[in-house]
Amino acid sequence: MMSPLLSLQDANAQLQQGAIYPIWTRMADISTGQLPPLPAYRIGHAPVMDFEKTFADPDSELPHTLPTYQRFYHHLKQLELPANVPLLVYDYQGMRFAPRAWWMFCSMGYQIRLLNGDFNAWFDAGLPVTPLDDSTTVKQDQPSVAPCWALPDTKRLPQYWADKHDVLIALDDPNIVIIDARSQARYLAQVPEPRPGMQRGHIPGALNIPFDSLLNSHGMADKKVLEARFASLGIGQDQALIVYCGSGVTACVVALAARVCGFSRVRVYDGSWSEWGKEGSGLPISR
């Protein structure tokens, strides 16, 4: 299985060859709802992928809910990405958000890799950047991005996602491990949830792997470190995983780590704690 991660140097080499095309993403602050300011530079002519509103389900009451394939593809065309060229997604600061974009693209049937490191690491390495206000149009041989293969009935791939019904079934299935990617303090109900209207606690039986425990200052931790983290909790690769967090974003960091380690059955609970932990949800909670 090819690693979903690309090192800085390998990514730069492929970008120079035109073998991959960059995009970047960001997320609003949970407490203020404000997006971070736009940076001065970007890698190549990377457009921004906004999964706050554009690449999200506008009819959902939950944050960052996965859109339909039709909506996803409609907005993807607006980015004017090259057709049939694998994508490279990166974060500007850390690796909290790009894994969500990577997971979404994978579930929609696209070839995509993830930069192992953020833009700051790229910039500090002296690799080429482009001013954000450079509006140079990149010439394409084809008019718009296209999937590398068509999805049946234009539906997203179900093996990437779980809903609350899948999680309820998993509560009684020893072959499925539920992983909470939030901080230990949130998992143990020691601190309030950052979003209003949320109960404290975690899904019964869930194990806690805070997403940031899988990262280091350079990007994703070494594979051996990741493998040891899963093994320390008794999680084997013969088991299926369902990962959740607050809104389905940083859960994708844990899903990414699992894929790097070779886990083949990994799903992200898209509603995550925003659905499960909502006041009045009626779903079981452990504290």
Quiz prompt | Amide H partners (placed H, <5 Å) of Ala189, local residues excluded | solution = Gly201
Practice problem: Provide the three semi-axes, in whole Å and in decreasing order, of the ellipsoid equivalent to the chain as defined by the square roots of 5 times the Cα gyration tensor eigenvalues. | Solution: 31, 20, 19
Self-check item: Cα-centre dipole for segment 22-61 with unit charges at Cβ (Lys and Arg positive, Asp and Glu negative), debye to 20
Solution: 340 debye
Exercise. May I have the extent of the alpha carbons of segment 159-276 along their three principal axes, as whole Å values ordered from largest to smallest?
Key: 38, 33, 22
Quiz item: What FRET efficiency, computed as 1/(1 + (r/R0)^6) with R0 = 41 Å and r the Cβ-Cβ distance, is obtained for Thr130 and Glu61, rounded to the nearest 0.05?
Solution: 0.60
Practice problem: Take a quick pass over the chain and tell me how many lysine pairs come in under 30 angstrom between Cα atoms, counting only ones 8 or more apart or on separate chains. | Solution: 10
Practice problem: Compute from the Cα atoms of segment 5-153 the Rg and the Dmax, the latter being the longest Cα-Cα distance, and quote both in angstrom. | Solution: 15.0, 45
Exercise. Please report the relative contact order for segment 159-276, taking Cα pairs under 8 Å with a sequence separation of at least 6, and give it as a percent rounded to a whole number.
Key: 34 percent
Quiz prompt | Förster radius 30 Å - calculated FRET efficiency between Gln70 and Ala13, Cβ distance, rounded to 0.05 | solution = 0.25
Quiz item: Rounded to the nearest 0.05, what FRET efficiency do Ser232 and Gln111 have when you use their Cβ-Cβ distance and R0 = 51 Å?
Solution: 0.95
Quiz item: So what is the 222 nm mean residue ellipticity for the chain from helices alone, if each DSSP H run of at least 4 adds -39500 (n - 2.57) and you divide by all residues, rounding to the nearest 500 deg cm²/dmol?
Solution: -6500 deg cm²/dmol
Quiz item: Amide H of Met220: which non-local residues (sequence gap of 5 or more, or other chain) have their own amide H closer than 5 Å, using H built in the peptide plane?
Solution: Gly117
Quiz item: Sequence-distant or interchain residues sharing an amide H contact under 5 Å with Leu5, placed H: which?
Solution: Leu114
Quiz item: Where the centroid of each part is defined by its Cα atoms, how far is segment 195-223 from segment 1-66 in Å?
Solution: 20 Å
Quiz prompt | Contact order normalised by residue count of the chain, Cα under 8 Å, 6+ apart, percent | solution = 21 percent
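Just so you know, all these numbers are worked out from the coordinates, no wet-lab data involved. Keep in mind that this is a model prediction, so the values were computed, not measured. Neighbour counts run over all protein chains shown; Cβ positions are idealised from the backbone, glycine included.
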